[in-house]
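What follows is one structure encoded as structure tokens, with my remarks underneath.
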Amino acid sequence: MKYIFIGGGRGGFELISSAISKNIFPAYSVICKEDDHENIKYSDKIVNLFKQNGIGYTVKKKLSETDHAIIRKIRPDIIFVYGWRTMIETELNSYCRYGIIAAHYSLLPKYRGFAPMQWAIINGDRNIGVTFFRIEKGGVDSGSILIQKKLKLKKNEYANEVENKLIYVTVKTFLDLIRKKSLKQNSFISQDESKATYTCKRTPEDGKINWNSDSEKIYNLIRALAYPFTGAFCVHKGEKYVIRKAESGKMNKKSFTGRIAGRVIDIDEKGIEVLCGSGTIRLTEWQNSGTGNIEIPSVSVRSYSDTLL
């Protein structure tokens, strides 16, 4: 099928790289431009691929009327959206055979909205998935479902590991889809609105650890936001530290009748153990936001009087 690609990010780069390697070229592409503060610019990587293969493209944050005109002229079978960050006008459905198909990291109608992968990990879910759905008029991520793939979410997996699995499944599913000559309109199934749930946007500040929370909730937050994402963080002696690795504390099941959330209760060469609102958590690797140094927390924390904020 003839397709136009709209998107970017790591997932978009992996998808386009795989497609091009198999001679499955987009007719045109709108590449998502990253924010200035983002260190890795996948848009540059995608542009290089397109230049090498003579593929038409533009790089931006929002679609323009010029993009609409190009899409009207090309009349693709589908517009595939993956790693795009702004709204897409549903009128584009009328310019292609099967409509605008987007990939979303959840088992829709669950987790409509922002950062579904992170929210699923934060909430301690045991399943996650990828949904290919058509962008239609109505609420966010509410369009008819074309394909859905369910994956197991292990309780000790970090966000980068989960993302690796989701990208792999998304790319494979896309390639299988695009190799088809046609789709049946009854392939699309309406979502069950009674089962819909929603998520809000997350900011880097939302990663601050509340030590009064349960240790499992803190562990889930750390896993969900760990590198390469913005990270769960705490403050020690005025310095901000982003937690990169953690595990359940050795004293997690012990009963404390004297408890100060955030207080360090164990220090050794492998890390530090911290009291939470309930339970304990062991921090084994963190990064100083000021210096950028990655270290075992016990390098900086040397006293049982220390309390993380």
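Any read-out appearing in this document is the output of simple, stated calculations on the displayed coordinates, not a laboratory observation. Note that the coordinates shown come from a computational prediction; the quantities given were computed from them, not determined experimentally. Virtual Cβ from ideal backbone geometry, glycine too; neighbours counted across all protein chains shown.
Which whole number in µm²/s is D for segment 84-235 by Stokes-Einstein, with the Kirkwood Rh taken over Cα pairs at 10 °C and 1.306 mPa s? Translational D for this selection: 95 µm²/s. Other residues whose C-beta falls under 10 angstrom from the C-beta of residue 232 contribute a net charge of +2, scoring Lys and Arg +1 and Asp and Glu -1. Computed from backbone phi with θ = phi - 60° and the Karplus coefficients 6.51, -1.76 and 1.60, the 3J(HN,Hα) list for segment 75-81 is 6, x, 6, 9, 9, 9, 10 Hz; x is used for glycine and proline.
The alpha carbon centroids of segment 1-30 and segment 109-183 are separated by 18 Å. Diagonalising the gyration tensor over the Cα atoms of the chain and scaling each eigenvalue by 5 before taking the square root yields semi-axes of 43, 21, 15 Å, largest first. Since only 98, 124, 21 are under comparison, the one whose Cα sits farthest along the positive direction of the charge dipole of the chain, derived from C-beta charges on Lys, Arg, Asp and Glu, is 98. Dividing the summed -39500 (n - 2.57) terms of all DSSP H runs of n ≥ 4 by the residue count of the chain sets its mean residue ellipticity at 222 nm at -7500 deg cm²/dmol. Less than 5 angstrom separates the built amide H of residue 129 from those of 106, 107, 151, all sequence-distant by 5 or more or on a different chain. So, R0 is 35 Å and r is the distance between the beta-carbons of residue 136 and residue 205; what FRET efficiency does that work out to, to 0.05? Rounded to the nearest 0.05, the efficiency is 0.55. Computed from backbone phi, the HN-Hα couplings of segment 241-248 come to 10, 8, 7, 9, 9, 8, 7, 4 Hz, rounded to whole numbers (Karplus: 6.51 cos²θ - 1.76 cosθ + 1.60, θ = phi - 60°; Gly and Pro given as x).
Among beta bridges from DSSP that stay inside the chain, the antiparallel ones total about 60%.
Between the amide H of residue 266 and those of 273, distances stay under 5 Å, these residues lying 5 or more places away or on another chain, with hydrogens modeled in the peptide plane. Pairs exceeding a 29 Å alpha-carbon distance, out of 152/208; 45/154; 137/195; 60/154: 45/154; 60/154. Normalised by 2.2 N^0.38 Å, where N counts its residues, the alpha-carbon radius of gyration of segment 204-299 equals 0.99. Taken over segment 236-286, the convex hull of the Cα atoms encloses 84 Å³ per residue.
Taking the DSSP bridge list for segment 29-178 and keeping only pairs wholly inside it, about 60 percent are antiparallel. Pairs from the table (2/181; 217/254; 2/41; 110/201; 201/240; 2/22) lying more than 19 angstrom apart at Cα are 2/41; 201/240. Per-residue 3J(HN,Hα) values for segment 259-272, derived from phi via the Karplus relation 6.51 cos²θ - 1.76 cosθ + 1.60 with θ = phi - 60°, read 9, 10, 4, x, 6, 6, 10, 7, 9, 8, 5, 9, x, 10 Hz in sequence order (x marks Gly and Pro). Distances between placed amide hydrogens fall under 5 Å for residue 261 paired with no residue 5 or more residues away or on another chain. Taking GluC sites (Glu not before Pro) across segment 5-107, the ones in a DSSP loop with at most 15 further Cβ atoms lying within 10 angstrom of their Cβ are 38, 89. Each label was represented as a point 7 Å from its Cα along the Cα-to-Cβ direction; for residue 155 and residue 97 these points are 4.8 nm apart.
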